[in-house]
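**Student:** The structure under discussion is supplied below as structure tokens; questions concerning it will follow.
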Amino acid sequence: MSSWAAVGYEQQLMYRGLTIAVVIPAFNEELAIAATVKGVPRFVDHVIVVDDASRDGTAHRAAAQRCGRTEIIRHAGNRGVGGAIVSGYRRTLALGAHATAVMAGDGQMDPADLPALLDPIADGRADYVKGNRFAHPDVWRAMPAARIAGNLALSLVTRVTSGYRELFDSQCGYTAIARGALERLDLDRVFPRYGYPNDLLARLHAVGARAEDVPVRPVYGPRWRSGIRVHTVVYPIAFVLMRSWLERVGAESRAPTRPRSAAAAPRLARSRLRRSSA
């Protein structure tokens, strides 16, 4: 019996009537990419591996797992994780996917959590769903202490800069986005490198996307390594946070008020009706 059958997943394409795509950004992930591609649930219709100019055998290992639903995009030059994800987003839009998830090429995202990310979109209550590892009981045991400190700090700041005060774990890249929200984004302006998720959240808020987070399992295997160096990211992330906040505030000051949840729409309509009849 396959691992997916063991946890009760249906061996068929589509999920709750939606065409699903998964984008896998990868840079020098030859040791993990094959298992990552192989582990994508069977209900996913399209798997887009974006090799961001790797210097190892990432593309070759991914190609070895290729089946009818898998494509590989290779960048001639490194564009950063955000740039790789945007390339994948463009492809899934062209393929007509109803929802697109992102799963990193290093295997740090548990495929068993994917339905939880997709359900709010399928239910029609969210346009963008992201993982929250701090809502999972394993986080304090599994996540390295330095990562806990950094993620807590950035999550608190991003609550302010993005406008999504109820979201947390801003750096978690395990996400799903509905086609409608993706079409409203200006993908050319999304920040391509470290700070991409913080920038994206602010842009989603500016276009009125309803967002929520769900618990996901933190995964840090024996081969886990971080390419992040504090002295090389402090100034870039500060710049991204400030820019995203200023652009969001500017965009929202020029745009009409939009409800951030389905429940907010009737309340907004009733409020306008009372003002007009006063």
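No lab work stands behind these numbers, since they all come straight from the coordinates. These numbers were taken from a predicted model, which means no experiment stands behind them. In this analysis, Cβ positions are derived from the backbone assuming ideal geometry, glycine residues included, and neighbour counts consider all displayed protein chains.
**Student:** Around Y15, which amide H atoms from residues at least 5 apart in sequence, or from another chain, sit under 5 Å from its own amide H, with H modelled in the peptide plane?
**Tutor:** Under 5 Å from the amide H of Y15: I20.
**Student:** Also, I was wondering about something else. Compute from the Cα atoms of segment 13-66 the Rg and the Dmax, the latter being the longest Cα-Cα distance, and quote both in angstrom.
**Tutor:** For segment 13-66, the Cα radius of gyration and maximum Cα-Cα distance read 11.8, 39 Å.
**Student:** Segment 102-180: D in µm²/s via Stokes-Einstein (Kirkwood Rh, Cα pairs, 4 °C, 1.567 mPa s)?
**Tutor:** This corresponds to a translational diffusion coefficient of 96 µm²/s.
**Student:** According to a simple spin-label model (label point 7 Å from Cα along Cα-to-Cβ), what is the distance in nm between A63 and R16?
**Tutor:** 3.8
**Student:** With θ set to phi - 60°, apply the Karplus curve 6.51 cos²θ - 1.76 cosθ + 1.60 along segment 101-113 and write out the HN-Hα couplings as whole Hz, x wherever there is a Gly or Pro.
**Tutor:** 9, 10, 10, 5, x, 8, x, 7, 10, 6, x, 5, 8
**Student:** How much length, in nm to one decimal, is gained on full extension between A135 and L31, taken as 0.36 nm per residue of separation minus their Cα-Cα distance?
**Tutor:** 34.6 nm
**Student:** Can I ask one more? Cα convex hull of segment 7-255: how many Å³ per residue?
**Tutor:** Once divided by residue count, the hull of segment 7-255 is 126 Å³.
**Student:** Which percent, nearest 5, of DSSP beta bridges in segment 7-255 are antiparallel?
**Tutor:** In segment 7-255, DSSP labels about 30 percent of beta bridges as antiparallel.
**Student:** Let me ask another. Order the peptides 99-108, 139-148, 167-176 from the highest to the lowest mean number of other Cβ atoms within 10 Å of their residues.
**Tutor:** 99-108, 167-176, 139-148
**Student:** Using only alpha-carbon positions, what ratio does the radius of gyration of segment 1-147 give when scaled by 2.2 N^0.38 Å?
**Tutor:** 1.04
**Student:** Between D119 and E247, what length comes free when the chain is fully extended (0.36 nm per residue of separation minus the Cα-Cα distance, one decimal in nm)?
**Tutor:** 43.1 nm
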